[in-house]
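The values are calculated or read from the model by the stated rules, or taken from the named source; none is laboratory data. These figures come from a predicted structure and were not determined experimentally. Positions of Cβ are backbone-derived with ideal geometry, glycine not excepted, and every protein chain shown enters the neighbour counts.
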Amino acid sequence: MVDMRIVVAITGASGAKYAQRFIHECVKAKVQVHLVVSPLGRRLLNDELGLESIDLARLGGAGAHEITLYNYNDVGAQIASGSFLHDGMVVVPCSSNTLAEVAHGLGGNLIARAAAVTLKERRRLVLCHREMPLSPMDVNNYKILTDAGAIVAPANPGLYLNPTSVEEMVDFVAGKLLDLMQIQHNLNTRWQG
Ligand SMILES: Cc1cc2nc3c(=O)[nH]c(=O)nc-3n(C[C@H](O)[C@H](O)[C@H](O)COP(=O)(O)O)c2cc1C
């Protein structure tokens, strides 16, 4: 494989800005992005970013034409197969619904199926879950997913860098996700001691 390529899923949890910043940085780093958005993910893109449709230029900035967009219902798309080689999958933001679907190995939509395949192929799967407080089912699903090799990385920005804007808090979460995928970035996320 020459270029790094990752699968990115956006689901119906609050935090569309995290997805936007993460995808933008992937595109900047010349990582191929294979994107799928759930119906509620689309709604949150509209509610939180004002996107009336999936606007790749707004999500990825310059170079966004390199993003491949998939239909959520197409469980026959290439990212649903283990033969499609990739460097991992990130679900950002990840709803409790998708968290449960992935924890229980369901495959009725392309996000759950691509995540199941990522686990089956022993590739990196990062779930940026957002909910507060956690339900007992969320906590059980964290355990199931962690035992299965996934990384649960809740949308939980640290305040130790003294952020003064929402953007800086978004950078913190996006930067952590980029670090987990070993994608280079210059976002301000590091504690200098
Ligand atoms: C405005 C809005 C905000 C929501 N925020 C969250 C959230 O932060 N976390 C969550 O788990 N679900 C949230 N939900 C509920 C999910 O969207 C819902 O459970 C949906 O079935 C998730 O589907 P999906 O996993 O296919 O995207 C929200 C729904 C709406 C309409």
Next item on the list: For the range 142-166, name all the residues that are over 17 Å from the mean Cα position of the chain (by Cα) and in contact (Cβ under 8 Å) with a residue 12 or more places away in the chain.
Entry: 144, 148, 158, 160, 161, 166
Item checked: Residue that is within 18 Å of the chain's Cα centre (by Cα), part of a helix (DSSP H, G or I) and either among the hydrophobic types (A, V, I, L, M, F, W, C) or within 13 Å of the ligand (Cβ to nearest atom) (or both), where the choices are 92, 117, 139, 126 -> 117
Notebook entry, point to check: Residues of the range 36-65 being out of contact with any Leu (no Cβ under 9 Å at 6 or more places or on another chain), more than 13 Å from residue 10 (Cβ to Cβ) and surrounded by 13 or more Cβ atoms within 10 Å (Cβ to Cβ), which ones?
Noted result: 61, 63
Margin query: Checking the condition of a type outside the set (Val, Ile, Thr), farther than 22 Å from residue 18 by Cα and within 12 Å of the ligand (Cβ to nearest atom), which residue from 106, 99 passes?
Written below: 106
Next item on the list: Would you tally the residues in the range 157-189 being among the charged types (D, E, K, R) and surrounded by fewer than 10 Cβ atoms within 10 Å (Cβ to Cβ)?
Entry: 0
Notebook entry, point to check: What number of residues within the range 30-45 are more than 9 Å from the ligand (Cβ to nearest atom) and of a type outside the set (D, E, K, R)?
Noted result: 7
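Let's see how each residue does on (1) acidic (Asp, Glu); (2) touching a strand residue (DSSP E or B) at 6+ places or on another chain (Cβ under 7 Å); (3) modelled with pLDDT of 95 or more; (4) surrounded by 15 or more Cβ atoms within 10 Å (Cβ to Cβ):
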residue: 31; (1), (2), (3), (4): no, yes, yes, yes
residue: 78; (1), (2), (3), (4): no, no, yes, no
residue: 84; (1), (2), (3), (4): no, no, yes, yes
residue: 93; (1), (2), (3), (4): no, yes, yes, yes
Margin query: For the range 4-22, check the following and say yes or no: at least one residue is more than 15 Å from residue 128 (Cα to Cα), in a helix (DSSP H, G or I) and either away from the ligand (no atom under 14 Å from the Cβ) or of a type outside the set (A, V, I, L, M, F, W, C) (or both).
Written below: no
Item checked: Residues that are farther than 12 Å from residue 89 by Cα and surrounded by 20 or more Cβ atoms within 10 Å (Cβ to Cβ), drawn from the range 1-16 -> 11, 12, 13, 15, 16
